[in-house]
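One structure below.
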Amino acid sequence: MDCFEEDLVNALREIVNSTNWQCVGTTSHFKSQCTKLYSEDGQHIVLVHADNDKYWAMDSSCPHEGGPLDLGDIEDIGNGKLAIICPWHHFDFCLDTGESSTGLQNQVYEVRVVQGNIYINTQNALSLCPIPEENTISLGRLSQDNIKSTPEDTLCFWATQILLTPDPNEKVALTQEVQQRWNSGNITDVGQAMPPAQPSRKDSLTVLEPGKIKRGKGGTLASRIALLHSLANIEQWAIDLSWDIIARFSSVTLSTGEPLPPQFFSDFVKVAGDEAKHYHLLEKRITELGSFFGALPVHNGLWQSASDTSHDLLARLAIVHMVHEARGLDVHPQTLSRFAAQSDECSVRVLEVIYKDEITHVAAGLKWFTYICAKEGRDCLSTFHKLVKEHFKGYLKPPFNTEGRKTAGMTEEWYIPLVKPST
């Protein structure tokens with residue numbers, strides 16, 4: 001009898017393996033309402049668990065604009081049916097059919113529970129963890145061997161290498177290593193190098209226009225994750241912007257014939273190191289909340305400003321460091337209050353670290369803007385106002401974080417004249 005049962009089990013196992021049924025684990029692993037399952041082909045699935053121990057599965061990406069359905073809510077739509085609600089635009093998708101009241105259709109998958117194991121009818125292998133991408137370049141930490149094998153060991157060479165590094169964690173590690181080597185005197189020459197027109201990004205990262213990104217207001221877990229994800233994206237671009245200003249403007253000569261002093265490069269190496277630290281803190285917090293960087297689309301709005309000012313160091317300092325980074329100070333109080341209102345103390349501590357550092361970044365932009373203006377006999381305020389009007393679309397918009405800006409050295413005469421006049 002025991003032999004017969006064993007033969008039957010083996011036969012059934014062969015049948016399961018030869019079909020599209022994928023065992024994703026036991027029911028004890030899926031107590032959460034929504035769980036994302038990662039697929040080899042990128043067509044990830046959300047497994048939904050209801051209170052009555054029923055399970056459904058469908059594509060985790062909203063067919064509207066790619067919203068993360070695994071972060072959505074489950075609602076009763078009547079007639080004993082449930083729907084998952086996309087957190088971005090609130091599109092509903094019936095768990096049974098994948099149909100939406102908007103007319104869209106999402107792919108659903110049959111789910112069965114057999115002796116406590118959950119099976120999903122799909123041809124792709126599924127995993128609870130992101131499946132590592134093949135062909136991802138891993139630079140690793142710098143060893144003496146690979147330092148010696150490089151064509152040159154200059155700050156600009158490594159700046160360009162970091163800009164060409166697509167993986168954000170590798171970008172962070174390499175930034176921290178180069179910062180340590182520069183500060184310790186192991187790298188002594190600034191050098192020259194042509195930076196890429198745009199930094200490299202992982203192929204799996206979805207990049208949309210800035211206006212199409214839904215950041216959330218922090219009122220739900222999904223919304224807090226979306227907001228942290230947006231901030232992590234900004235920090236990744238900020239790492240690149242710091243290395244780009246070093247490489248792109250390394251050979252700048254002021255109208256006096258002087259080159260930029262070494263402290264200019266040291267200041268922006270520090271900024272790059274801070275931004276790398278910020279990305280790491282945010283990425284770690286996103287993971288703690290059950291998601292990962294790259295789970296949501298991102299935008300490249302900051303790099304568009306960099307491209308627009310690639311020909312003019314003063315314009316770059318004005319727009320990126322004295323407009324965009326100062327705007328980051330402005331939105332900090334409201335962002336912090338949203339996380340505090342949800343008692344998310346861990347995220348609050350991360351945001352406080354970032355805020356203190358960002359004040360010094362605005363100060364660095366202001367420091368070198370005024371330094372160049374003074375050397376070249378320009379009026380700082382009128383030059384700043386002129387460059388902002390040329391390279392920034394629209395007016396600066398209040399509310400302003402007057403205290404934070406003042407701590408950075410940016411008093412009201414810098415930005416109030418750029419506000420839309422009252423009618």
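The values are calculated or read from the model by the stated rules, or taken from the named source; none is laboratory data. Computed from a predicted model, the values in this text were never measured in an experiment. Note: ideal-geometry Cβ built from the backbone for every residue, glycine included; neighbour counts use all protein chains shown. When the accessible area is computed, the model is the full protein with side chains, heavy atoms only, and any ligands, DNA or RNA have been set aside. Shrake-Rupley method; radii C 1.70, N 1.55, O 1.52, S 1.80 Å.
Just name the residue that is modelled with the lowest pLDDT out of those in the stretch 117-133 that are open to solvent by less than 40 Å² (accessible area, probe 1.4 Å) and more than 28 Å from the chain's Cα centre (by Cα). For the stretch 117-133, the residue satisfying everything is Thr122. If I filter the stretch 139-157 down to residues being open to solvent by 40 Å² or more (accessible area, probe 1.4 Å) and not charged (D, E, K, R), which single residue comes out as modelled with the lowest pLDDT? It comes out as Leu139.
A count restricted to the stretch 54-93 and to residues that are in a loop (DSSP other than H, G, I, E, B), surrounded by fewer than 16 Cβ atoms within 10 Å (Cβ to Cβ) and free of Cβ contacts under 8 Å to residues at least 40 places away in the same chain stands at 4. Looking at the stretch 257-291 only, could you name the residues that are open to solvent by 20 Å² or more (accessible area, probe 1.4 Å), closer than 26 Å to Gln179 by Cα and in contact (Cβ under 8 Å) with a residue 24 or more places away in the chain? Passing the criteria: Glu258, Pro262, Ser266, Asp267, Lys270, Lys277, His280, Leu281, Glu283, Arg285. The residues listed here are Leu329, Leu313, Leu302, Leu296; of these, the one that is in contact (Cβ under 8 Å) with a residue 40 or more places away in the chain, under 30 Å from Thr35 (Cβ atoms) and either open to solvent by 30 Å² or more (accessible area, probe 1.4 Å) or among the aliphatic types (A, V, I, L, M) (or both) is Leu296. Each residue in the stretch 99-116 was checked for being in contact with a Pro (Cβ under 9 Å, 6 or more places away or on another chain), open to solvent by less than 90 Å² (accessible area, probe 1.4 Å) and under 20 Å from Leu37 (Cβ atoms), and 1 of them qualify. The combined condition, being in a helix (DSSP H, G or I) and over 23 Å from the mean Cα position of the chain (by Cα), is fulfilled by Thr370.
The residues on offer are Phe339, Phe369, Phe392, and the sole one that is open to solvent by 30 Å² or more (accessible area, probe 1.4 Å) and either touching a residue at least 40 places away in the same chain (Cβ under 8 Å) or in contact with a Cys (Cβ under 9 Å, 6 or more places away or on another chain) (or both) is Phe392. Checked against (1) under 28 Å from Leu205 (Cα atoms); (2) exposed (fewer than 13 other Cβ atoms within 10 Å of the Cβ); (3) modelled with pLDDT of 90 or more, Thr136 meets all criteria but (3). Anything in the stretch 401-423 that is open to solvent by less than 40 Å² (accessible area, probe 1.4 Å) and either in contact (Cβ under 8 Å) with a residue 60 or more places away in the chain or in contact with a helix residue (DSSP H, G or I) (Cβ under 8 Å, 6 or more places away or on another chain) (or both)? List them, or say none. Residues satisfying the conditions are Asn401, Gly404, Arg405, Ala408, Gly409, Met410, Trp414, Tyr415, Leu418. Taking Gly25 as the residue in question, decide whether it is modelled with pLDDT of 85 or more and loosely packed, with under 13 Cβ neighbours inside 10 Å. No: the conditions fail for Gly25. Annotation: Val178 fulfils all but one of (1) over 21 Å from the mean Cα position of the chain (by Cα); (2) open to solvent by less than 30 Å² (accessible area, probe 1.4 Å); (3) modelled with pLDDT under 95; the unmet one is (3). Only one entry in Val323, Val269, Val331 is of a type outside the set (Ser, Thr, Tyr), farther than 17 Å from Trp368 by Cβ and part of a helix (DSSP H, G or I), namely Val331.
When restricted to residues that are farther than 21 Å from Glu358 by Cβ and modelled with pLDDT under 95, the stretch 224-247 contains 1.
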